[in-house]
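Trainee: This is the structure I have questions about; it appears just below.
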Amino acid sequence: MNMVADLHLHSNFSDGTYTPEEIVSHAARHRLSAIALTDHDTVEGCDAAARACHAAGIEFIPGTELTAQHGDDEIHILAYFCDTRNEKLLAEIGKFQAVRQNRIREMVARLNRMDVPLRVESVFELANCRSPGRPHVARALVKAGLVGSLDEAFERYLKKSRGAWVPKAKMSALAAIELIHQAQGLAVMAHPGLNRTDQVIPKLVEAGLDGIECFHSKHSAATARHYLDIAARFGLLVTGGSDCHGVSKGKPLIGTVRLPYEHVTRLRDKAERLRVSTSSGPCIPRT
Ligand code: AMP
Ligand code: ZN
Ligand code: FE
Ligand code: FE
């Protein structure tokens with residue numbers, strides 16, 4: 001049997017609609033051998049996903065997706081194999097959760113100023129997580145009958161430069177890579193084909209970027225090949241995932257990207273090597 005993985009999945013701990021347990025049951029149905037949970041700015045769902053994966057005989061990789069920037073470019077960085085109890089990681093992503101919550105308040109205030117009577121509580125109730133985002137505002141607008149669809153919510157109000165759009169403070173991409181490494185994780189550039197920011201790749205590699213997401217539900221075969229070439233040129237690990245957000249926008253994407261398992265082995269090997277080298281490195285005497 002061909003072993004395959006999906007290393008980019010969002011649960012209801014951020015803006016996905018499935019619980020971690022539901023994700024795992026879909027993963028089993030799609031015969032995935034390994035999955036990673038990569039909720040935005042949180043690792044809270046990882047314990048539940050790990051338990052459910054263990055019960056289902058699926059390999060689990062803890063993850064998160066950080067929204068970062070390099071200059072004017074927005075870059076999403078996936079973290080894999082981090083210690084999900086790492087205090088610095090938790091403190092830092094906690095700050096970005098607060099940024100997200102404040103941004104929701106500001107977006108709703110702007111909607112209200114445009115005479116769209118959405119209640120901020122209705123967004124927080126619907127989101128029911130620490131890491132809310134625009135999709136929650138969109139769903140709350142649909143639920144309140146203020147727009148007809150999620151697409152309409154984004155088109156009319158939420159997409160960049162529309163009336164309720166609020167920019168989000170982001171961490172620097174270089175700081176994100178460092179944060180992930182100090183938590184013993186691997187840093188991977190997410191869906192490079194969506195952000196079209198190839199020019200930053202050499203800088204990220206210099207900062208220690210470990211891998212690049214070549215396979216993604218929104219990458220064409222040609223885009224995947226382009227990034228496989230880049231991965232080979234820079235010596236980066238190759239990852240892939242569907243970026244499934246559950247049932248929010250049509251059919252769930254889980255299972256549509258099937259990363260050959262050999263890439264999971266390489267990823268795990270590197271994470272383990274880093275762990276060994278940081279835990280048993282040379283003891284430098286203090287002077
Ligand atoms: P945020 O992190 O709060 O800026 O929200 C980003 C999320 O909104 C992404 O995960 C996308 O899936 C979703 N999103 C962005 N643009 C659109 C759109 N035009 N229609 C539906 N969802 C969108
Ligand atoms: Zn998302
Ligand atoms: Fe992303
Ligand atoms: Fe994502």
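Trainee: Select from 114, 46, 224 the residue farthest towards the positive end of the dipole of the chain; place +1 on Cβ of Lys and Arg, -1 on Cβ of Asp and Glu, and compute about the Cα centre.
Mentor: 114
Trainee: Over region 1-137, what is the relative contact order in whole percent, taking alpha-carbon pairs under 8 Å and six or more residues apart?
Mentor: Relative contact order comes out at 23 percent.
Trainee: May I ask what percent, to the nearest 5, of DSSP beta bridges between residues of the chain are antiparallel?
Mentor: Bridges in the chain that DSSP calls antiparallel: roughly 45 percent.
Trainee: Next question. Using R₀ = 22 Å, calculate the FRET efficiency as 1/(1 + (r/R₀)^6) where r is the Cβ-Cβ separation of residue 162 and residue 194; round to 0.05.
Mentor: 0.70
Trainee: How much mean residue ellipticity at 222 nm does the chain get from its helices, if each DSSP H run of length 4 or more adds -39500 (n - 2.57) and you divide by all residues, to the nearest 500 deg cm²/dmol?
Mentor: -13000 deg cm²/dmol, from helical runs alone.
Trainee: Taking H as built 1.01 Å from N, whose amide H comes closer than 5 Å to the amide H of residue 8, not counting residues under 5 places away?
Mentor: Residues meeting the amide H criterion: 36, 242, 243.
Trainee: Apply the Karplus parameterisation 6.51 cos²θ - 1.76 cosθ + 1.60, with θ equal to phi minus 60°, to every residue of region 216-229 and state each ³J(HN,Hα) to the nearest whole Hz, in sequence, with x for glycine and proline.
Mentor: Once θ is set to phi - 60°, the couplings for region 216-229 become 8, 4, 9, 9, 6, 4, 5, 5, 4, 4, 4, 7, 5, 4 Hz.
Trainee: Which cross-chain or sequence-distant (5 or more) residues have an amide H under 5 Å from the amide H of residue 191, H modelled 1.01 Å from N in plane?
Mentor: 213
Trainee: So what's the angle, to the nearest 10 degrees on a 0 to 90 scale, between helix 87-113 and the longest Cα principal axis of the chain?
Mentor: The angle comes out near 20 degrees.
Trainee: Hey, what did region 93-158 get for relative contact order, percent, Cα under 8 Å, at least 6 apart?
Mentor: So the answer I get is 30 percent.
Trainee: Give a residue-ordered list of calculated ³J(HN,Hα) values for region 24-29 (Karplus: 6.51 cos²θ - 1.76 cosθ + 1.60, θ = phi - 60°; whole Hz; x for Gly, Pro).
Mentor: With coefficients 6.51, -1.76 and 1.60, one gets 5, 5, 5, 4, 5, 4 Hz.
Trainee: Shifting gears a bit: Can you sort 162, 103 by solvent-accessible area, 1.4 Å probe, largest first?
Mentor: 162, 103
Trainee: Translational D (Stokes-Einstein, µm²/s) of the chain at 37 °C and 0.692 mPa s when Rh comes from the Kirkwood sum over C-alpha pairs?
Mentor: Taking Rh from Cα pairs, D becomes 168 µm²/s.
The values are calculated or read from the model by the stated rules, or taken from the named source; none is laboratory data. Keep in mind it's a predicted model, so treat the numbers as computed, not measured. Every residue, glycine among them, receives a Cβ derived from its backbone with ideal geometry; neighbour counts consider all protein chains shown. Please note that ligands, DNA and RNA were not included when accessible areas were found on the heavy atoms of the full protein model with its side chains. Shrake-Rupley method; radii C 1.70, N 1.55, O 1.52, S 1.80 Å.
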